[in-house]
Structure formats: structure tokens, C-alpha cells
Amino acid sequence: MADSFVIAGRSFTSRLFMGSGGYPNQQVLLDSLNAAEPALVTVALRRISLEPYAESLVDLLDDFTLLPNTAGCATIKDAVLTAQLGREALETNWVKLELIGDRETLYPDVEQLLRATEELVKDGFVVLPYCTDDPVMCRKLADVGAAAVMPLGSPIGTGLGIANPYAIERICVTSSVPVVLDAGIGTASDAALAMELGCDAVLLNTAVAKAREPQRMAAAMRHAVTAGREARLAGRIPKRTQAEPSSPQLGLVGG
Amino acid sequence: MSALIRVNGKDEALAAQTVAELLSARGIKRPKGVAVALNGSVIPAGAWEKTGLAAGDKIEIVKPFGGG
């Protein structure tokens, strides 16, 4: 049986969610997504400009399931309206809810995030909030109806990896909804670690978009997520402070 | 002074009667991927034709862009 997980009744076999921002061009984006084989691809909603027929992202990404986000929103009002616009534009009631509290770190404003989650859930949305790596906040988000929680590994776009593995592991142990590690991934081992810690999936963007070879990194991420998940299921050995030989200690030559 | 509406944060003269006319004047014919809000409420594509515009209206016209 395929190893899958479920968010809001929808089953996913791929455990990699990809962002679509910051790629050198649309072809590299498409090649990278094809290499990553993501379960979902996030997109932002922005005011239309009058560029006369740039290929529409919706047409380009026709083969993928799109997840609109509320990236950059700093108020509940803006985030809710952006979510509603995303629902209309992409014909989906799923939303990656971002409510930014600080421009420097792009840290979530958890107080507003909680209220916006509650409001959008009441409006019929499947809400996936981008949140801090705080088990208590993740629990509160799930309590108001978040379909999954998406704690940050480290700030968006930094590539600093998982700054607090303990917190992520605790969230995975205690969460009543799926956990998607979102933000901070720098390279494949970060994605593998997220899965080893017990995350259900990983969402990343910059690590691939800004890699020297994005398509190659996208494939690396796909392998990393699979490897990390397999390692998690296989069960890692406990850490020891003293060495233990793996070769027999009897029958040594000499002496 | 002519009546003004605010489209994507910029004031402009009110020339269109409906949301559909406003979009059409901008070369937006296909609703796919495009969403519109009028004074903070989303107007579904099916209602663009019958949704009238008035002086002081605030309109947001958005579409998906690359994002994380």
C-alpha cells in the first residue's frame, strides 16, 4: 500500500509541497516542478498589471494542484480578502494562510493568525496556516479548525534549515492534524531531517528556485523527502555517547 | 471633475458601467485565474456583467503569480 497522508479528506502520496516564486524563468519553474513531483504548488495573488499576454501561470501549471497563499498580508482583513480572491481565481477552498507580523524576519503574527484561521474556517475554507515552531500555537490552530499546521523551520528564504528540531519533533508528536514543515529549508538534508523528525510533508521554495541548478535540486528534494520518510518509518537507532563496535570482538588476529 | 473609481490602488475616471466592461477595457476577457473584489467583497465571474460601478468604488483585480 502506498505511504500516503490525508489533509481534510484528500490523500497525498507525494510529501513535497513546492512554492513557485523566484525562479529564473517559467521554463525552469516547470522543469523543477516536474522533477519535484509535488503534491501541491503554492501561488500568490497579486494585482494584475497590463503586461499584454504573458503566459498565464494557471495555464503553465495546469498539471499541478495549486494552493493559493496569502503571502505578504499583515492584517486579518487583507488575508481574508486575499484568501477569498484565491478561492475565486483558482476554484479551490484551500488556502495557505500567511499573516506576517514583522517585515525583517517575516515571522507570523500568531495572534492574528489564530483569528484569521477561525474566520476562514467558518467561511468554509480548508486552512493551512504558516506558523511559528511552537507546539502550543500549533495546538490552538488545530483547535480552531486548521486542517494542517505548517511551522517554520527557520525564517522564509534564509536556508538556515531547522533551527529548533526539538520544537518540530514535539509538534509532530502532539499535533492532532498533519504537520508540514514550511520555510527555511536550505538543502536536501534539511528536508530529510524534517521527515525524520516526524513531519508529514515539507513545503519549500527558495532552496530550489535559487539553487545553481534548480531542476537538479528539485529532484534532490524529492529523494530527500522520500529518504527521510523511509528513515522515519524504519526507526533510527538511539543516540549513544560511547562507541559500540559493529565487528566481532573475538577472534582478532595477533596479540 | 469627473467621477473617480480606484482600481488596484490607482484613481481613474469612471468610464465603465459594469465590472465586465472595466475588465474588457483592460483586455481581460477570460475569467480563468482572474478574481475581482469590489469594495472588499469578491464578485464571482458570473456576476461581472450585472455588477454596476459607481463613483468612489474600490476595485481589486488579481491573478496568480509565483509565490511560496
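Residue count for segment A:164-210 under the criterion of being in contact with a strand residue (DSSP E or B) (Cβ under 6 Å, 6 or more places away or on another chain), at negative phi and within 14 Å of another protein chain (Cβ to nearest Cβ): the result is 7. One residue alone among A:SER14, A:SER49, A:SER32 is among the hydroxyl-bearing types (Ser, Thr, Tyr), within 12 Å of chain B (Cβ to nearest Cβ) and in a loop (DSSP other than H, G, I, E, B), and that residue is A:SER49. Considering segment A:62-73, and only residues there that are within 12 Å of chain B (Cβ to nearest Cβ) and in a loop (DSSP other than H, G, I, E, B), the residue that is farthest from A:GLN26 (Cα to Cα) turns out to be A:CYS73. Could you list all residues from segment B:36-60 that are more than 11 Å from the chain's Cα centre (by Cα) and of a type in the set (A, V, I, L, M)? Within segment B:36-60, B:ALA47, B:ALA54, B:ALA55 meet the criteria.
Within segment A:84-105, the residues that satisfy the criterion of being facing chain B (nearest Cβ under 10 Å) and of a type outside the set (D, E, K, R) are A:GLN84, A:LEU85, A:GLY86, A:ALA89, A:LEU90. Residue count for segment A:43-73 under the criterion of being over 20 Å from A:ARG103 (Cβ atoms), modelled with pLDDT of 95 or more and surrounded by 17 or more Cβ atoms within 10 Å (Cβ to Cβ): the result is 5. A search for C-beta distances below 6 Å between a residue of segment A:205-220 that is assigned to a helix (DSSP H, G or I) and any residue that is hydroxyl-bearing (Ser, Thr, Tyr), counting only pairs 6+ apart in sequence or on different chains, returns A:VAL208/A:SER32; A:ALA209/A:TYR23; A:PRO214/A:SER32; A:GLN215/A:SER32; A:ALA218/A:SER32. Restricting attention to segment A:221-247, the residues that are farther than 30 Å from A:GLN26 by Cα and either within 14 Å of another protein chain (Cβ to nearest Cβ) or part of a loop (DSSP other than H, G, I, E, B) (or both) total 13.
The values are calculated or read from the model by the stated rules, or taken from the named source; none is laboratory data. Just so we're clear, the structure is a prediction, and the values are computed from it rather than from any experiment. Cβ atoms come from the backbone with ideal geometry, glycine included; neighbour counts cover every protein chain shown.
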